[in-house]
1. Can you bin every Cα-Cα distance in the stretch 195-250 into 10 Å intervals starting at zero and give me the percent of pairs per bin, rounded to whole numbers?
2. Using a Cα-Cα cut-off of under 18 Å, which lysines could be cross-linked to Lys229, ignoring same-chain neighbours fewer than 8 residues away?
3. Evaluate the distance, in nm, between pseudo-label points positioned 7 Å from the Cα of Met274 and of Ala68 along their respective Cα→Cβ axes.
4. On a full-extension model of 0.36 nm per residue, what is the gain between Arg231 and Asp140, subtracting their alpha-carbon distance, rounded to one decimal in nm?
5. Under a no-solvent Debye model with one identical scatterer per Cα of the stretch 7-275, what's log10 I(q)/I(0) at q = 0.11, 0.16 Å⁻¹?
6. What is the order of Thr72, Thr252, fewest Cβ neighbours within 10 Å to most?
Amino acid sequence: MNTIRTAACVTVAVCATVVLAGCGDAPSHSHAHAGSTGSAGAAAGTRLGEESPLGHGTSRTYVVSDDAGRPTEVGIRISEAALDGLPDGPDATTQMSMLALPSDAPDTGFDHVMLDWNPHGHEPTVLFGKPHFDMHFYTDAVQHDIDPTAPDFAQRAANLPDAKYIPQGYAPPPGPAAANAVPFMGLHWTDAADNAVPGSFDFTEVLLNGSWDGKFTFIEPMMTLEWLKTRPALREDVKQPASYQSTGYYPTVYTVRFDEQAREYVIALGGLTMRQAS
C-alpha cells in the first residue's frame, strides 16, 4: 500500500527509472495463435506483451482468452532471473515499469499495468517496510490526472465510490483522503481480513484496491521479494462489490505461481467475468 509515498518517488511523468513497454507482436515463444487479430472473435490462446527489463531478467504482461475470444485471465510474467540484480543498495530508489497489455489481445477491462520494485519498502514502513513489488492493474489511464498541484486534488481524493461499489471488507486508510492519496496513483484500500495493523501484521502478500474521484481505478497485488522467491502457489477469491460501476470483465480469482517450464513467476487476475453496470 503506497498511502504516504512522496510525490518525488511516484511521479510517473518524470521518474528516470520508468521503462515504457509499448504494445507489439508477441515474441516468438508466445502461445498466441498465428493470424490473431485481437478482435472479440480472436482464437483462444495466450498473448504476451513486450518484455521490459527487470533485474537480470524481464517482466511482461499477458492475456489468456477462450475459444470464443473472450478474455479469461490477465497478469504479469516475471522471469526467474529478474529477482536477481534488483537495485538494493542504500541509495537504491523505487523502480517503476509501465507495462502495456498485448496489442492483439481482447479487451480485459484493464488499460495498463505499473510494476514497482521497492528496495526499501515504503510508508507506512511499520507495515510495508520490507523489499517488495507493487503491481497496479489500472482500468484506465487516470494516473496522469492525479496531480497534487491541481486545485481540486483534495476534493477529488475525498470523493469516494458509493458503498455498493466497494468490494466486501475493503476500506480506505484512516485520516484525510487528500493526505493519503498517492500522487499519480490514487487512494489505496485494504481488506480488513488482512489485519494490516502494526504489531500484528507480518507482510508477505496482500491484494489492494484503488480509487480516484468516485471510481475504483486499479487492483494491486503486493508481495515481498522474499515471499515470491519461495515460488508460492497462491489462489484466493477476489472479493466483489454488490454492484459494478461499469459494464465489463472483472476478475474473480487472484493467483501467484511459478511456471516450471517457462521459468517464470506468474501473477494473475483470473476468472474474468462479464458484469453489468448498475
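None of the figures in this text is laboratory data; all of them are computed from the coordinates on show. Fair warning: this is a prediction, and the values are worked out from it, not measured in the lab. Here the Cβ positions follow ideal geometry from the backbone for every residue, glycine too, while neighbour counts run over all protein chains shown.
1. 16, 42, 30, 12, 0
2. Lys229 reaches Lys130.
3. Here the modelled spin labels are 0.6 nm apart.
4. Values: separation 91, 0.36 × 91 = 32.76 nm, distance 3.05 nm.
Separation in residues times 0.36 nm, less the Cα-Cα distance, equals 29.7 nm.
5. Ignoring solvent entirely, the Cα scatterers give -0.60, -1.35.
6. Numbers: Thr72 19, Thr252 15.
If I rank by nearby Cβ atoms, fewest first, I get Thr252, Thr72.
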